[in-house]
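K.L.:
I'd like to ask you about the structure that follows.
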Amino acid sequence: MMRDWITSEPQNAESGVLPFDASGKIHALQAAIERVIKGKSEVVKFALVALLAKGHLLIEDVPGIGKTTLSNALARSLDLSFQRIQFTSDLLPSDVIGLSIYNQRTGGFEWNAGPIFSNIVLADEINRATPKTQSALLEAMAEEQVTVEGVSRPLPLPFMVVATQNPTEHHGTYPLPESQLDRFMMRLHIGYPNLADERRILRDRESSNPLEFVSAVMSEQDVTELQTRAAEVRVDDALVEYLLQIVDATRKADQLELGISPRGTLALFRSAQALALIEGRDFCTPDDIKRLVMPCFAHRIIVHSRSSSTRNKTREAEQILLDILQKTAVPI
């Protein structure tokens, strides 16, 4: 029998241990972030999906939209270790991972851990670094460890990379390779605020930055518990088949050079579980799958150059996925 997803009663009622209020903690986290990010509830919710599904998040949009602000708000709302890495063209892999430095006093080398050894790592403007430096994140994102000088060092858990990037057509950017993109569970676009929300942003920042008032509302134990609960959300066999049909269609589509990998399939599966938990359910629905196809799949597929009619490959990829969704029978 699955647990109550709103609250879990303590095993010993006389122990004084309070029930774990999953819904209350999730709502508090959303509210904390939305104090800063106005009018983007769905974007905030999907960022929490990546967190609870143990995934990594890529936020791509034009400058000034709030990519870094969203990342900082998420990090400040969690009582976890946090490091920000500003990716630039001269950043070295050792600046991310760390390196061994010779200590003259002891006559030996001492390991100096880089900023990657944190629970939440903000890789700001990740596509401004060279591919060599970008690759420093590959092992960390896939295996939650880094190997330097033949020694594998585990990363602290929970571990999440939140990366921001400008569209690749902007000057001074290096496109992320497919292997790097595939390690991001989701890619989100924030988009411009409407006039009412932008008016609220202006008023909120008249005298101070709202980020200064964001404090931690969730502990490391809370995050771990919610991640465990997300993994226990039920996904019926019919939904698994629905997901697999969508994935298979991307691999057979003539317009696509690269379809969805097994890692991408698992990303959508876990994301659907986390979304259900955030919305107070212990089961997934077809709508969960449909809502998450774009953020989980659009950055993973590659449109054939012969099939491309515009420079906007992202929009074409999304349109192909929309066509696949329309042609795939939804389970009843």
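The values are calculated or read from the model by the stated rules, or taken from the named source; none is laboratory data. Everything numeric in this text was worked out from a predicted model, so none of it was measured. Using ideal geometry, Cβ is built from the backbone for each residue, glycine included, and neighbour counts are taken over all protein chains shown.
K.L.:
Would you confirm whether any residue within the stretch 300-311 is out of contact with any Leu (no Cβ under 6 Å at 6 or more places or on another chain) and either closer than 23 Å to MET141 by Cβ or in the same structural domain as HIS56 (by TED's automatic domain parsing) (or both)?
P.N.:
Yes.
K.L.:
Let me ask something additional. Just to be sure I understand the filter: pairs with C-beta atoms under 8 Å, separated by 6 or more residues or on different chains, first member in the stretch 45-66 and assigned by TED's automatic domain parsing to the domain that holds ALA31, second member surrounded by 24 or more Cβ atoms within 10 Å (Cβ to Cβ) and aromatic (Phe, Trp, Tyr). Which pairs pass?
P.N.:
Close Cβ pairs satisfying both conditions: GLY55/PHE184; HIS56/PHE184; LEU57/PHE184; LEU58/PHE184.
K.L.:
Also, quick follow-up: What are the residue pairs meeting all of these: first residue in the stretch 155-183, first residue closer than 25 Å to ASN112 by Cβ and modelled with pLDDT of 95 or more, second residue of a type outside the set (A, V, I, L, M, F, W, C) and in a strand (DSSP E or B), Cβ atoms under 7 Å, and 6 or more apart or on different chains?
P.N.:
Cβ pairs passing all conditions: LEU155/GLN145.
K.L.:
Kindly indicate the residue of the stretch 16-30 that is of a type in the set (Gly, Ala, Ser) and touching a residue at least 40 places away in the same chain (Cβ under 8 Å) and also farthest from SER271 (Cα to Cα) among those meeting that condition.
P.N.:
ALA28
K.L.:
Just give me the residues in the stretch 124-158 being out of contact with any Pro (no Cβ under 6 Å at 6 or more places or on another chain), among the β-branched types (Val, Ile, Thr) and crowded, with 20+ Cβ neighbours inside 10 Å, in sequence order.
P.N.:
ILE126, VAL146
K.L.:
Something else now. Let me spell it out: the conditions are (1) in contact with an Asp or Glu (Cβ under 9 Å, 6 or more places away or on another chain); (2) surrounded by fewer than 16 Cβ atoms within 10 Å (Cβ to Cβ); (3) at pLDDT 95 or above; (4) of a type outside the set (Ser, Thr, Tyr), and ALA231 meets all of them except one. Which number is the exception?
P.N.:
(1)
K.L.:
So, in the stretch 94-144, of the ones that are touching a strand residue (DSSP E or B) at 6+ places or on another chain (Cβ under 7 Å) and of a type in the set (Ser, Thr, Tyr), which residue ends up farthest from LEU57 (Cα to Cα)?
P.N.:
TYR102
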